[in-house]
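Everything on this sheet refers to the single structure shown next.
None of the figures in this text is laboratory data; all of them are computed from the coordinates on show. Quick caveat: nothing in here was measured; it's all calculated off a predicted structure. Methodologically, a virtual Cβ is constructed for each residue, glycine included, from the backbone with ideal geometry; neighbour enumeration extends over all protein chains shown.
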Amino acid sequence: MSVKILMVCLGNICRSPLAEGILASKLPRDKFYIDSAGTGNYHIGKQPDKRSIDTALKNGLNISNQKARQFTSKDFDAFDYIFVMDNSNYDNVIELAKNEEQKAKVDLILNQLFPGENVDVPDPYYGLQNGFDMVYQMLDETCDILAKKLIEKHS
Ligand code: 4NP
């Protein structure tokens, strides 16, 4: 049975699709299943933002086949780990948790890189292209650490 990891942001079109693609590229497919979702419902069914698709492509990843969906309370049962991009996502996800076991599955993705500091991955949606490059670099660094930990723990 594979280990299931969910990446969560607000729209599921900018940050979490990048996080999904980046982490998936660092883990063996037969052992790990990675998905992403948004706490909001604005972009359900849409492809990732063109700027995220282009940023991923520049770095050798194709995320264009992803489709946005909304986070639901069922995701607490379906996934082993839930990584949120910012503190607002954290609050929105935790609000839907039924118990402490579900809450314990949730953490900020940058806590891998900056343990216990609760740093946000900034929302690049209303910004410029360099915001997407910065988000990519942050996610790549934090997913390097996360992938190593996951492989160690689940092999
Ligand atoms: P994301 O970025 O949460 O990284 O996907 C956003 C995309 C769209 C919106 C907000 C954030 N929006 O308000 O439409």
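For the range 27-44, filtered to residues that are assigned to a loop (DSSP other than H, G, I, E, B) and of a type in the set (Val, Ile, Thr), the residue that is nearest to the ligand (Cβ to nearest atom) is Thr39. Across the range 106-153, the number of residues qualifying as more than 25 Å from Asn62 (Cβ to Cβ) and charged (D, E, K, R) comes to 6.
Of everything listed in (1) within 19 Å of Met134 (Cβ to Cβ); (2) in a loop (DSSP other than H, G, I, E, B); (3) over 12 Å from the mean Cα position of the chain (by Cα), the single unmet condition for Ile13 is (3). Every listed requirement among (1) more than 16 Å from the ligand (Cβ to nearest atom); (2) closer than 20 Å to Ile151 by Cα is met by Ile82 save one, (1).
In the range 109-135, which residues are within 14 Å of the ligand (Cβ to nearest atom), closer than 18 Å to Asn89 by Cα, out of contact with any strand residue (DSSP E or B) (no Cβ under 9 Å at 6 or more places or on another chain) and not aliphatic (A, V, I, L, M)? Correct list: Pro122, Pro124, Tyr125, Tyr126.
Do we have Ala56 as buried (at least 16 other Cβ atoms within 10 Å of the Cβ), assigned to a helix (DSSP H, G or I) and more than 16 Å from the ligand (Cβ to nearest atom) here? So Ala56 does not fit the description; no. Checked against the criterion of being farther than 21 Å from Ile13 by Cβ and crowded, with 21+ Cβ neighbours inside 10 Å, the candidates Leu113, Leu139, Leu146, Leu108 yield just one match: Leu146. Taken over the range 61-80, the criterion of being surrounded by fewer than 17 Cβ atoms within 10 Å (Cβ to Cβ) and more than 19 Å from Cys14 (Cβ to Cβ) is satisfied by Thr72, Ser73, Lys74, Asp77, Ala78, Asp80.
Sort out which residues of the range 65-95 are of a type in the set (S, T, N, Q) and in contact (Cβ under 8 Å) with a residue 40 or more places away in the chain, and write them in order of number. Break it down into steps so the answer makes sense when it comes.
Initial filter on the range 65-95 (of a type in the set (S, T, N, Q)): 65-66, 70, 72-73, 87-89, 92.
Hits for the range 65-95 are Gln66, Gln70, Ser88, Asn89, Asn92.
Number of residues in the range 102-147 that are under 12 Å from the mean Cα position of the chain (by Cα) and in contact (Cβ under 8 Å) with a residue 40 or more places away in the chain: the value is 8.
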